[in-house]
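Student: One structure is given below, represented as structure tokens, and several questions about it will come after.
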Amino acid sequence: MSSRDKRAIILTVLVCGSILFNHYVLTPWFSHWEEIIEEKDQLSKKMKKVNLGSSSVKAKIAALNKKMPHFKLPENEHAQRHLMHKKVSEQLKKLRIKADRIGFIGSSKKDGPYRKLNLQSQFICPLAQLFDLLAVLEDNPYLGSLEDMNIRVDPKERGKVWVTLTLSTYCL
Amino acid sequence: MKIIESVFHLNGVCHRVLLSGNAQFTIQEDISLPGELNSDTFRKLREEGKGPFGGEVNQKEKQLIWGFDSTHVMTTTMELPEQDHAEMESIVKIQMENILPVPVEELAFHWRASGPQSLLVTIKKKWITGQLDTLRHYKPNKVILNGEAVARAYQEYAQKPHNDCLLLWWHDDTIEMLRLKKGQLVFMRCLHAEKEEMSSEISREHIKEDLLAIFDELGLNKQSQIIMIPSSAEYAQCFSMLEYSRLELSPCHLKKLDNIELDHQKQLTLLPALGHALLTEPKESYFNVFRDHYTHSVKKQFSGNLYYPVALFALALLCILGYYYLEYQLDLKKLKALQLEPEIQKQLDEKQRVQNYQKLLISERPDIIDFIQVIQPKGIRGVTLTEVQFKKGQQVKISGTTKNDEYYKYMEELQKNKSLSNITLHTPVYNKQKRMTSFSLTFKYKGWSQKAKSRRGVL
């Protein structure tokens, strides 16, 4: 075998070896590496959001707590209905407002992780008491939001208003 | 040290002589085979080599010299002025047309310009073409005329070399006459003289007459040095027979060569090889009649050692792979560091859930206190609100009464507030009995009057 033939054989073996090495070693390795980088990036983003040591995260949490100081995470529907009803009744009682009617009027479909329950109450009270009620509603930790409010002046009794309030709460 | 591989054909025998040295050469090996000098014989000669430089001589310093027989050439002495090469060639061609009986186009030629006794060597192109296949196969560095090599070797290796003499080199039934003047070859001619004929006195006389005629032509006299160089013992005998014809010839005595054991006659036989070696020196010039047909080309090869570039490339490749592997390991380590314990992960998820719920509440809860403050008819007397309807996803509706047209002022006041938009006044109705005007307004409050899905991102 001449040296030229030997060179040709060595070159062929090298080229074939390189192709096989690339196919069976390099390509799978690089794709595995890509997966690792992707997973790492996702986790990094997540960690940035919840990193309590970070001043920006601290500021965000402080801002959220300032805007929404009183709340409790939703429970299951049964428990949430009970807690919400009890708390609203307490708040009305505290303000000496006698509700003509208080009860849940329906629920919405699940949007995201939670479902919305609507509690409606009807009562007559002086306007000042209504304002007090609206102010203390924010302290209700089960309150989702105020969905509907209808205020009508009582034609018979001056200074009093008929109020229909629909409040929502979230449940799991 | 140079290695010279000289190949030539002499007296029906092919010689391959290996010489080594620099300016002064010593014969290292001589291999000979009978037959014509062709590629087959040359291959066999190489296979026969057994000495230190024998076989395939692979040394890079090696030069292969292919000697060719002077009997194929025709030489002429002419007067050539010393001009540059380009002009000289045309001058030579013109002179050749006048002197030679063969058309110039059929001849390959070379010359040495040395005034009135310039020597021109010509050879038929047809003969050269016949040699080209072998030459291209073995790629000799130089193709040299054997006669010229003998003349050059005589000057270097003769005990007392004469600068002005005539060398009679007898080989292949030919007496080759090589005229040296001032140490330079100025004349070459071949005279056919078969050794078998030397036994006949008549033949000897004929040869003698021919030789004398040439001596006369060359202007030689009794004092002139005529040196005998027999190429073999037989031709040495032939020379001695010529001496019987009272020709005054001097024998050629060579210096003792510092090489393998060779008798004097053997040294004379290998004189062309020594001449070939001498003519490879850079300062030497020779008749290169093959110049237009064959040029030794050296394949451009990487002169340096391949080990270092290959090693460097491999090292660079390893470094790159190492770098990638290190990066991969670092990423893997970072990923492992980010992958927390399940309990901590759960806590973090819970915190995330709390934050998301807070955000949801903020986005879903209207500031109802602010709303009531906005709709209050501040500083406008006589306007009483009787009904307020606020529902998320719908326009706010306000009803009221006024004793005059103050509702316009109230509306203008509302219009100043940036939280409200699309304020529409519905036809006010005047009640004559109560002397009051009832009015109603609808408007949008911030983004709360939009549907839930479209509200997201507005607030």
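Every number here is computed from the coordinates shown, using simple stated rules; none is lab data. Note that the coordinates shown come from a computational prediction; the quantities given were computed from them, not determined experimentally. Reconstructed Cβ throughout: ideal geometry from the backbone, glycine too, with neighbour counts over all protein chains shown.
Student: Of the DSSP beta bridges with both residues in the stretch B:160-252, give the percent that are antiparallel, rounding to the nearest 5.
Tutor: Counting DSSP beta bridges with both partners in the stretch B:160-252, the antiparallel share is about 65 percent.
Student: Here is a further query. How much length is gained on full extension from B:Ser250 to B:Gln373, taking 0.36 nm per residue of separation minus their Cα-Cα distance?
Tutor: Full extension from B:Ser250 to B:Gln373 adds 29.8 nm.
Student: Evaluate E = 1/(1 + (r/R0)^6) for B:Ser240 and A:Leu11, where r is the Cβ-Cβ distance and R0 equals 45 Å; express this FRET efficiency to the nearest 0.05.
Tutor: With a Förster radius of 45 Å, E is 0.10.
Student: Mind checking the alpha-carbon convex hull of the stretch B:322-393 and giving the volume per residue in Å³?
Tutor: 179 Å³
Student: Could you calculate the contour length gain from B:Asp331 to B:Arg43, that is, 0.36 nm times the residue separation minus the distance between their Cα atoms, to one decimal place in nm?
Tutor: This chain segment gains 97.2 nm when fully extended.
Student: Excluding same-chain residues fewer than 8 positions from B:Lys378, which lysines have a Cα within less than 22 Å of its Cα?
Tutor: Result set, ordered by chain and number: A:Lys160, B:Lys397, B:Lys403, B:Lys409, B:Lys416, B:Lys418, B:Lys444, B:Lys446.
Student: Contact order normalised by length for the stretch B:146-236, with contacts defined as Cα pairs under 8 Å and 6 or more residues apart; what percent is it?
Tutor: Dividing the mean separation by the residue count of the stretch B:146-236 yields 30 percent.
Student: From the Cα trace of chain B, what convex hull volume per residue do you get, rounded to a whole Å³?
Tutor: Value for chain B: 353 Å³ per residue.
Student: What is the order of B:Tyr307, B:Tyr157, A:Tyr114, fewest Cβ neighbours within 10 Å to most?
Tutor: B:Tyr307, A:Tyr114, B:Tyr157
Student: May I pose another question? Taking 35 Å as R0, compute the FRET efficiency from the Cβ-Cβ separation of B:Lys2 and B:Asp133 and round it to 0.05.
Tutor: 0.80
Student: Suppose each label sits 7 Å from its Cα in the direction of the beta carbon; what would the B:Asn163-A:Thr164 distance come out to in nanometres?
Tutor: 14.2 nm
Student: Here's another thing I want to ask about it. Cα to Cα, under 27 Å, and not fewer than 8 places away if on the same chain: which lysines meet these conditions relative to B:Lys160?
Tutor: In chain and number order, the partners are B:Lys2, B:Lys181, B:Lys182, B:Lys208, B:Lys222, B:Lys255, B:Lys256, B:Lys266, B:Lys283.
Student: Return the distance in nm (one decimal) between the two label points of a simple spin-label model at B:Tyr430 and B:Gln345, each offset 7 Å from Cα along Cα→Cβ.
Tutor: Spacing of the two 7 Å Cα→Cβ label points: 7.6 nm.
Student: Could I ask something else about it? Which angle from 0 to 90°, rounded to the nearest 10, does the C-alpha axis of helix A:77-94 make with the longest principal axis of chain A?
Tutor: Rounded to the nearest ten degrees, it is 40.
Student: With a point put 7 Å past each Cα toward its Cβ, work out how far B:Arg291 is from A:Ser3 in nm, to one decimal.
Tutor: Placing both labels 7 Å beyond Cα along the Cβ direction yields 3.3 nm.
Student: Which values of log₁₀ I(q)/I(0), to two decimal places, follow from the Debye formula for the stretch A:77-171 at q = 0.14, 0.16 Å⁻¹ with a uniform point scatterer at every Cα?
Tutor: Each listed q maps to, in turn, -0.49, -0.63.
Student: Within 10 Å of each Cβ in peptide A:146-157, how many partner chain Cβ atoms are there on average? Round it to a whole number, please.
Tutor: Averaged over the peptide's residues, the number is 5.
Student: Divide by every residue of chain B the summed helix terms, -39500 (n - 2.57) for each DSSP H run of at least 4, and state the resulting mean residue ellipticity at 222 nm, rounded to the nearest 500 deg cm²/dmol.
Tutor: Rounded to the nearest 500, it is -12000 deg cm²/dmol.
Student: Further, regarding this structure: By how many degrees, 0 to 90 and rounded to 10, does the Cα axis of helix B:201-218 deviate from the longest principal axis of chain B?
Tutor: Taking Cα atoms only, the helix is inclined about 60 degrees.
Student: Counting other beta carbons within 10 Å of each residue's own, what order do B:Met1, B:Met88 fall into, fewest first?
Tutor: Exposure proxy ranking, most exposed first: B:Met1, B:Met88.
Student: Another question about this same structure. For the stretch B:368-455, calculate the relative contact order in percent as a whole number, restricting contacts to Cα pairs under 8 Å that are 6 or more residues apart.
Tutor: 31 percent
Student: Under 12 Å from the Cβ of A:Leu73, count the other residues' Cβ atoms, weight Lys and Arg +1, Asp and Glu -1, and hand me the total.
Tutor: Around A:Leu73, the surrounding residues sum to +1.
Student: Restricting things to alpha carbons, tell me how big the stretch B:81-187 is in terms of Rg and Dmax, in Å.
Tutor: That works out to 15.9, 43 Å for Rg and Dmax.
Student: For chain B, find the longest principal axis of its Cα atoms and tell me its angle to the long axis of helix B:307-338, 0 to 90°, nearest 10.
Tutor: 20 degrees
Student: Right, something else. For chain A, with a Gaussian network of springs between Cα atoms less than 10 Å apart, report the residue from A:Gln122, A:Gln91, A:Gln42 with the top mean-square fluctuation.
Tutor: A:Gln42
Student: Nearest 500 deg cm²/dmol is fine: what mean residue ellipticity at 222 nm does chain A get from its DSSP H runs of n ≥ 4 alone, each adding -39,500 (n - 2.57), divided by its residue count?
Tutor: Helix-only estimate at 222 nm: -16500 deg cm²/dmol.
Student: Let me ask something else. Under 14 Å Cα to Cα from A:Lys93, which aspartates and glutamates show up? Leave out anything in the same chain fewer than 8 places away.
Tutor: In chain and number order, the partners are A:Asp132.
Student: With a 10 Å Cβ neighbour count serving as the proxy for reagent exposure, in which order, fewest first, do B:Arg189, A:Arg4 appear?
Tutor: Placing the least packed residue first, the sequence is A:Arg4, B:Arg189.
Student: Turning to a different aspect of this structure: Where does the Debye-calculated log10 I(q)/I(0) of the protein assembly as shown sit at q = 0.06, 0.08, 0.10 Å⁻¹, using only Cα point scatterers of equal weight, no solvent?
Tutor: Those come out to -0.57, -0.79, -0.97, one per q.
Student: Quote the relative contact order of the stretch A:77-171 in percent (integer), defining contacts as alpha-carbon pairs under 8 Å separated by 6+ residues.
Tutor: Worked out over the stretch A:77-171, it gives 31 percent.
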